[in-house]
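One structure is given below, encoded as structure tokens.
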Amino acid sequence: MKRLFTSIAIAVALSVGCLAGCSELPDYGSEVLERLSPALEDAGDLPSRAFDKLEEWLSAPDADGESGEAEGESGWSLPSFGSLFGMGELSSVDDVVLVPTDDYACGYVFDYGGEEFIAYFDTYSWRVYDSYKITNHGDIVTICQALINVHPVYGADWESLRTAEDMAYEWEQHNRAYQLLPVNSHWRDDARNVDLDPYDQGKSFRDLYESRTSE
């Protein structure tokens, strides 16, 4: 079944790649075209990004629990059309519904892609658990904006406030670390969750790694 879905996804990837190169598009309606436009802007790179997503999906565990990764996390799901072509799940910050889990306005849960995520604010920073599972840049920015709408986070100078974009950059550096570090590295375990705090503002993957390993 998984191979069937893969074949379908590959066919869609190639079809959309060809569609992006056409000079004229059928009138699907302004809303649909608006949703598709981020994916169609870079027509030349579209098929390669689709295959990258397929490769990432194929490395996920099958229903019997077997996986290309040594972690052995169970379960897999067919990626959505939007996730294959760089389109996010979220259209606005209103789609991020932060539900409090305590009486102190610190713990929250929110749904994303059919899964529940935990976010916790601890005085100066937000921590998002299992953040490595969220990879779409636009959606990460939207989630960060929803978080700082509730509790702003100071910048590295402790005077300015962090923006959703620079918090998203930090989040993506953690994602990169999670993808690149060896499975048995405890740094990889740390990277599965992101702490959006003043100290790591603007730091690259290399900066984060060197700051951790030099301690």
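The values are calculated or read from the model by the stated rules, or taken from the named source; none is laboratory data. Treat the numbers as computed from the prediction; the structure is a model and nothing was measured. Note: ideal-geometry Cβ built from the backbone for every residue, glycine included; neighbour counts use all protein chains shown. The area values use the complete protein model at the heavy-atom level, side chains included, leaving out ligands, DNA and RNA. Shrake-Rupley method; radii C 1.70, N 1.55, O 1.52, S 1.80 Å.
All of (1) open to solvent by less than 60 Å² (accessible area, probe 1.4 Å); (2) under 20 Å from the mean Cα position of the chain (by Cα) hold for residue 120 with one exception: (1).
Scanning the stretch 167-186 for residues that are at pLDDT below 95 and surrounded by fewer than 19 Cβ atoms within 10 Å (Cβ to Cβ) turns up 176, 179, 180, 181, 182, 183, 184, 185, 186. In the set (1) in a helix (DSSP H, G or I); (2) open to solvent by less than 60 Å² (accessible area, probe 1.4 Å); (3) over 29 Å from residue 102 (Cβ atoms), residue 206 fails one condition alone, (2). Please work out which one of (1) without any contact (Cβ under 8 Å) to a residue 24 or more places away in the chain; (2) crowded, with 20+ Cβ neighbours inside 10 Å is the condition residue 141 fails and give its number. Of everything listed in (1) without any contact (Cβ under 8 Å) to a residue 24 or more places away in the chain; (2) crowded, with 20+ Cβ neighbours inside 10 Å, residue 141 misses just condition (1).
Residues considered: 110, 51. Of these, the only one that is out of contact with any Asp or Glu (no Cβ under 6 Å at 6 or more places or on another chain), at pLDDT below 95 and not β-branched (Val, Ile, Thr) is 51.
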